[in-house]
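What follows draws every value from the coordinates through simple rules; no lab data is involved. Bear in mind that the values here come from a model prediction, so they are computed numbers and not experimental data. Ideal geometry is used to build each Cβ from the backbone, glycine not excepted, and the neighbour counts take in all protein chains shown.
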Amino acid sequence: MIAYVKGVGNISPQMTWRDDAFSIRDGDQTGNYLSAIEPDYAAWINPQQLRRISRILKMGTAAASIALQEAKLSSPDAIITGTGMGCVEDTGKFLDKITTLNEEALNPTPFMQSTHNTIGSQIGLMVGCKGYNQTYVQGAFSFEHSLMDALMQLDEQPDFNILVGGVDEVTETYSQILQRFGLLKRETPRSMDIFSSQTRGTILGEGAAYFVLSRTAEGSNASIQGIKTLYQPHAHELHDGIDSFLAEALLNRNDVDLVLTGKSGDAIADKQIDRDVNLRFPQSSLAVFKHLCGEHMVASSFALWLAVYMLKHQQMHEAVVIKDAGRPLKNILVYNRYYQDHHSLLLVRSC
């Protein structure tokens, strides 16, 4: 199953919505999470709608609009969204009001905008898409399963243009809960410094990234060659899974020019990633991305955007490179890991 990326849109803790997205900043966060740098949404969303929709809806609809504009489409044939937490800010608002107002005189708007499929629905209304519209809420595999669905839809409808994306937001309350569980760092390391940290935990993030996928190669700079998920794999299962995944694309480990890893700053998890990647891909360039977008359940959508952007410009940005093997970029393997359990593989190839 192969799909060509015709358009991308990304709202993240970097200025990825600009044309010169390679002016990536090194992530100067002031807390233990990274907030999205939000543009002037009036460029993509009706100003009258802006007053009525929440922040995550603004991020999602803007990212979708940017992707559609780049693909020169007014409306896709299908919309597929992956989200781990959904509209968690509106959910929190509604639950707070239930408590403070003693379940009386509640404003229905936060409730209506709190469901996970609100994002895909809002995009469908905005662009007039009345076709297939699906939302996947499967934790750290939400975006991966959205991509799988898109690839299967293109198998059945090869003339479709499908809008697929991953969206998640962070709130102060959510951050405090993860901090209590010991999943976030207590200090505030900056940029690449998180990868030299010797402590457990990571830095939380958020973002919205959408992609227009098609079976037509014309006008595309990158293609998705395959995707694979592994839950709690043992070391040999992970290694065998990587080899079989590459073999399905008629590749071996030496054919991978760049491995984009989901190192998150967690000392133990990162050591395991380094061990696995250095052992399996000694001739490949290595890069990281979560110091730019933070850790969240659909962070692999940011990784896919970064892989597509690097293939388009045929260069690795200095802010992400760990090892430069001096190889031209053709095959990029995204290996993401969400804490200890969720492992995913995504193969992206230049056109």
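The table below gives the values:
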| item | result |
| --- | --- |
| Total charge dipole magnitude, the chain, about the Cα centre, Cβ charges on Lys, Arg, Asp, Glu only, Debye to nearest 20 | 320 |
| Relative contact order %, segment 222-350, counting alpha carbon pairs below 8 Å whose residues are six or more apart | 40 |
| Residue (of TYR309, CYS293, ASN331) at the positive-pole extreme of segment 287-345, dipole from beta-carbon charges | ASN331 |
| The chain, helix-only ellipticity at 222 nm - DSSP H runs n ≥ 4, -39,500 (n - 2.57), divided by all residues, nearest 500 | -10000 deg cm²/dmol |
| Sorted by Cβ density within 10 Å, fewest first, the residues LYS72, LYS6 | LYS72, LYS6 |
| Three-way shape label, segment 51-210, alpha-carbon gyration tensor, a/c 1.5 | oblate |
| Inter-part distance where segment 134-156 and segment 66-124 are each reduced to a Cα centre, Å | 19 |
| Length-normalised contact order of the chain in % [C-alpha pairs under 8 Å, at least 6 apart] | 24 |
| In segment 73-141, GluC sites (Glu not before Pro) in a DSSP loop with at most 16 other beta-carbon atoms within 10 Å | GLU103, GLU104 |
| GNM result for the chain, Cα springs below 10 Å: residue of HIS116, HIS296, HIS234 fluctuating most strongly | HIS234 |
| Over segment 32-115: Rg over Rh, Cα atoms, Kirkwood Rh | 1.04 |
| Sorted by Cβ density within 10 Å, fewest first, the residues THR16, THR171, THR99 | THR99, THR171, THR16 |
| Prolate/oblate/rounded call for segment 209-312, Cα gyration tensor, a/c under 1.5 rounded | oblate |
| Beta bridges by DSSP in segment 3-214, antiparallel share as percent, to the nearest 5 | 55 |
| Within segment 134-196: Cβ-based charge dipole about Cα centre, in debye rounded to nearest 20 (Lys, Arg +1; Asp, Glu -1) | 540 |
